[in-house]
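Asks: First, the structure itself, so that you have it in front of you.
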Amino acid sequence: MSGKIATRKSFGMALADFGEKYKDVVCFDADLSKSTMSILFAKKYPGRFFEMGIQEANMIGCAAGMSFMGKIPFICSFGAFLTGRFDQIRMSIGYANANVKLIGTHCGVAIGEDGHSQMGLEDIALMRSIPNMVVLQPADDKECREMVEWAINHQGPVYLRLTRQELPQFNMDKFIPGIFPQLKMGEKMAFLATGGMLEAALNAAEGLAKKGTGKNPAVFNANLAKPLADNFMMNLADKYETLVVFEDHTVMGGTGSAIAEWVSQNAKIPRRVIRYGVNDSFGESGTPEALLDKHGLTATKIENYFS
Amino acid sequence: MNNNLFVQWADQTPQIRKNILQMIAKAQSGHPGGSLSCVEIIYTLMAPNGVMKYNPKKPLERERDRFVLSKGHACPTLYAVLSAVGHDISQDELMSLRQLGSRLQGHPDRARLPYVEASTGSLGQGASIAQGIAMSYKLDSLNHRVFALLGDGEMQEGQIWEVALSAPHQKLDNLTLILDYNKGQIDGPTNKVLSLDPLTDKWRSFGWEVSEVNGHSYSELYTALSKKSPRPQMVIAHTIKGRGVSFMEGNTDWHGRAPNVKELELALQEVAANRQIGLSN
């Protein structure tokens, strides 16, 4: 497939497809099925879709209960609303190691005009603090589809962080948990970009290399915040002096923090990790372009920052 | 016929109360008040020839009636009843309550003890989990029932009212919630902390079949919990916090404190002497 597609839509299409093969998959939504795209599953398997109304907490508990019966529930809402029910996720899903897949859409400032209340900006920080939870963030359609099938087959809770905005296709290697696909070779510096940030980081790295800034960053798709794979991370920390993690998420506790924590604790040689994201501030209304620009999350801003 | 059954149950109950008190005393922490108030409720469900259809010899069989203890702090009662009805929880293990490494955590943990259906203790969540199990049985066209026991303090949680709204909409005639209405919570009497009344009217208006019973009467509990209805059911069981130990009864100070050696001795004497509680009307 070519052309741009939002990962929320990739998710909806993938779940509708995999519903055929995996009969235990069921899906819940809390009155946002047209936005999370769970409606694609709902239309195909109405008996296995549960419209819960605007009851995220109850949806989380019901999904946990269903998972104890052998079902594989996917629960969908905006990442902000879903992970905002932190205690329900912590207790009913995390502590019980319930086989529930959490789908958080509309993550990051790139959702635009709806403003802060609808933006998932702390979701990774919250989810990765829960033992048992796997935290994934696809960067394009193919990867999202692979992650959905991986999540179906993984026993335990998974949080999948998705975008509202459309993303290009990158033709990356198949998803293997803990291995970040590499998109550009480089030296000394590695750009580790997450989800919707991958295109901007890649363009910025290519720009820096072309313009003779003396910098030629390698670029990886940091598609997983937890659990990081020790071998892969060790190779990364061995090879690059500076790791820069880009995310449309607060820098407090996000993927950048996860990588900084790993490197500071485990790298054989001290390495610098730069967390490049939303700097401990709330979101607001604006066009996606204006908001990304304000937070420095565009190729131009990234290029300027490292020039 | 049932009267004989209830006499047998009432005969078993002092041992359950004794275990609860000893477990909490041994751990020197726990919740005797709300544990003693729900003994008859949980035993009516799980006792031999009780309301729930399940095989204690195959406790993890997928298809069976299920019970969720949403008021997780009353888990000593659940553990003691599970042990009494034949699950592999020995007397020794009962006394490991709240100790490091024990399957019998201070609040139920299904990852360690699979006989508890849900990990509870953060109030309000067990009701939703029970709803999800009931939905799953409906999805698979299986006729098993799901029960969940709530506390009256717990009913102040918003999530309970999400279930109140949702379960009738989902047409869950296989779901029964039971309220252990012992009228007390940590900070004092429930009607002083945050009143629930008029409780029956509230649940009825949400579309539930509501019964009110004496929560210490086996015959009343058995009748109400055996009842079938086209709607989800709420059984409001009027109980006494600390039931069976005179100095604990109705006293919210005993919500979350363990008896000392002397208090335990007095309490054990009282529960051993009283085989009539479940036969009250």
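The values are calculated or read from the model by the stated rules, or taken from the named source; none is laboratory data. Bear in mind that the values here come from a model prediction, so they are computed numbers and not experimental data. So basically every Cβ, Gly included, is an ideal-geometry build from the backbone, and we count neighbours across all protein chains shown.
Asks: Restricted to the stretch A:57-84, and to residues that are more than 9 Å from chain B (Cβ to nearest Cβ) and surrounded by fewer than 24 Cβ atoms within 10 Å (Cβ to Cβ), which residue is farthest from A:G108 (Cα to Cα)?
Replies: First pass over the stretch A:57-84, keeping only residues more than 9 Å from chain B (Cβ to nearest Cβ): A:72, A:74-84.
Checking the rest, the ones that are also surrounded by fewer than 24 Cβ atoms within 10 Å (Cβ to Cβ) come to A:72, A:80-81, A:84.
Numbers: A:I72: 27, A:A80: 9, A:F81: 13, A:G84: 15 Å.
Among those that are more than 9 Å from chain B (Cβ to nearest Cβ) and surrounded by fewer than 24 Cβ atoms within 10 Å (Cβ to Cβ), it is A:I72.
Asks: Assigned to a helix (DSSP H, G or I), surrounded by fewer than 24 Cβ atoms within 10 Å (Cβ to Cβ), more than 14 Å from every other protein chain (Cβ to nearest Cβ) and polar (S, T, N, Q): is that true of A:S10 in this structure?
Replies: Details: assigned to a helix (DSSP H, G or I): yes; surrounded by fewer than 24 Cβ atoms within 10 Å (Cβ to Cβ): no; more than 14 Å from every other protein chain (Cβ to nearest Cβ): yes; polar (S, T, N, Q): yes.
Here the answer is no, as A:S10 does not meet what is asked.
Asks: More than 17 Å from the chain's Cα centre (by Cα) and closer than 15 Å to A:A237 by Cα: which single residue out of A:S285, A:S264, A:S281 fits that description? Spell out the reasoning first.
Replies: Working: A:S285 fails: closer than 15 Å to A:A237 by Cα; A:S281 fails: closer than 15 Å to A:A237 by Cα.
Only one candidate passes the filter, namely A:S264.
Asks: Hey, another quick one. Residues in the stretch B:139-153: is at least one out of contact with any strand residue (DSSP E or B) (no Cβ under 9 Å at 6 or more places or on another chain) and on the phi > 0 side of the Ramachandran plot?
Replies: Filtering the stretch B:139-153 for residues out of contact with any strand residue (DSSP E or B) (no Cβ under 9 Å at 6 or more places or on another chain) gives B:140-143.
Adding the requirement that they be on the phi > 0 side of the Ramachandran plot leaves B:141.
Yes.
Asks: It is to be established whether one or more residues within the stretch A:118-135 are of a type in the set (V, I, T), crowded, with 21+ Cβ neighbours inside 10 Å and within 14 Å of chain B (Cβ to nearest Cβ).
Replies: First, pick out the residues of the stretch A:118-135 that are of a type in the set (V, I, T): A:124, A:130, A:134-135.
Filter once more, keeping what is crowded, with 21+ Cβ neighbours inside 10 Å: A:124, A:134-135.
Keeping just the survivors that are within 14 Å of chain B (Cβ to nearest Cβ) gives none.
No, there is no match, as no residue in the stretch A:118-135 is of a type in the set (V, I, T), crowded, with 21+ Cβ neighbours inside 10 Å and within 14 Å of chain B (Cβ to nearest Cβ).
Asks: Same structure, new question: What residue, of B:I129, B:I133, is over 16 Å from the mean Cα position of the chain (by Cα) and β-branched (V, I, T)?
Replies: Numbers: B:I129 fails: over 16 Å from the mean Cα position of the chain (by Cα).
Unique residue meeting the criteria: B:I133.
Asks: I would also like to ask the following. I need the full set of residues from the stretch A:42-56 which are part of a strand (DSSP E or B) and more than 9 Å from chain B (Cβ to nearest Cβ), in order please.
Replies: As a first pass, look at the stretch A:42-56 and keep what is part of a strand (DSSP E or B): A:49-51.
Passing the criteria: A:F49, A:E51.
Asks: Hey, another quick one. Working only within the stretch B:85-103, note down all residues that are part of a loop (DSSP other than H, G, I, E, B) and in contact (Cβ under 8 Å) with a residue 60 or more places away in the chain.
Replies: First pass over the stretch B:85-103, keeping only residues part of a loop (DSSP other than H, G, I, E, B): B:85-90, B:95-103.
Of everything in the stretch B:85-103, those that are part of a loop (DSSP other than H, G, I, E, B) and in contact (Cβ under 8 Å) with a residue 60 or more places away in the chain turn out to be B:M95, B:L97, B:R98, B:Q99.
Asks: Just one of (1) crowded, with 24+ Cβ neighbours inside 10 Å; (2) farther than 20 Å from B:G34 by Cβ; (3) away from chain A (no Cβ under 13 Å) trips up B:G132, so point out which.
Replies: Answer for B:G132: the failing condition is (3).
Asks: Within the stretch B:39-59, is there a residue that is farther than 22 Å from B:Y222 by Cβ and more than 10 Å from every other protein chain (Cβ to nearest Cβ)?
Replies: As a first pass, look at the stretch B:39-59 and keep what is farther than 22 Å from B:Y222 by Cβ: B:57-58.
Going one step further and asking which of them are more than 10 Å from every other protein chain (Cβ to nearest Cβ), we end up with B:57-58.
Within the stretch B:39-59, one or more residues are farther than 22 Å from B:Y222 by Cβ and more than 10 Å from every other protein chain (Cβ to nearest Cβ).
Asks: A further question follows. Out of the residues in the stretch B:212-235 that are farther than 23 Å from B:V7 by Cα and touching a strand residue (DSSP E or B) at 6+ places or on another chain (Cβ under 6 Å), state the one that is surrounded by the most Cβ atoms within 10 Å (Cβ to Cβ). Talk me through it step by step, then tell me what you get.
Replies: The first filter runs over the stretch B:212-235 and keeps only residues farther than 23 Å from B:V7 by Cα, leaving B:228-234.
When the remaining residues are screened for being touching a strand residue (DSSP E or B) at 6+ places or on another chain (Cβ under 6 Å), the result is B:229, B:231-234.
Details: B:S229: 12, B:R231: 17, B:P232: 27, B:Q233: 24, B:M234: 24.
It comes out as B:P232.
Asks: Ok, one more. Those residues that are closer than 24 Å to A:E146 by Cβ and either surrounded by fewer than 22 Cβ atoms within 10 Å (Cβ to Cβ) or out of contact with any Phe, Trp or Tyr (no Cβ under 9 Å at 6 or more places or on another chain) (or both), I need them from the stretch A:229-254; list them, please.
Replies: A:A229, A:D230, A:N231, A:F232, A:M233, A:N235, A:D248, A:H249, A:G254
Asks: Counting only residues that are out of contact with any Leu (no Cβ under 7 Å at 6 or more places or on another chain) and at negative phi, which one in the stretch B:114-128 is nearest to the other protein chains (Cβ to nearest Cβ)? Working first, answer last.
Replies: Let us first name the residues in the stretch B:114-128 that are out of contact with any Leu (no Cβ under 7 Å at 6 or more places or on another chain), namely B:117-119, B:121-125, B:128.
Within this subset, residues satisfying the condition of being at negative phi are B:117-119, B:122-123, B:125, B:128.
Values: B:E117: 7, B:A118: 7, B:S119: 4, B:S122: 5, B:L123: 10, B:Q125: 5, B:S128: 2 Å.
By that ranking, first place goes to B:S128.
Asks: Can I ask one more? Quick check on B:G106: is it at pLDDT 95 or above, more than 11 Å from chain A (Cβ to nearest Cβ), in a loop (DSSP other than H, G, I, E, B) and surrounded by fewer than 24 Cβ atoms within 10 Å (Cβ to Cβ)? Give the steps one after another, and end with the answer.
Replies: Working: at pLDDT 95 or above: yes; more than 11 Å from chain A (Cβ to nearest Cβ): yes; in a loop (DSSP other than H, G, I, E, B): yes; surrounded by fewer than 24 Cβ atoms within 10 Å (Cβ to Cβ): yes.
Against the criterion (at pLDDT 95 or above, more than 11 Å from chain A (Cβ to nearest Cβ), in a loop (DSSP other than H, G, I, E, B) and surrounded by fewer than 24 Cβ atoms within 10 Å (Cβ to Cβ)), B:G106 qualifies.
Asks: Right, next: Write out, first by first residue and then by second, each pair whose Cβ atoms fall under 6 Å of each other, whose residues are 6+ apart or on separate chains, and whose first residue, in the stretch A:171-183, is farther than 10 Å from A:F232 by Cα while the second is modelled with pLDDT under 95.
Replies: So the pair list comes out as A:P181/A:M172; A:P181/A:D173.
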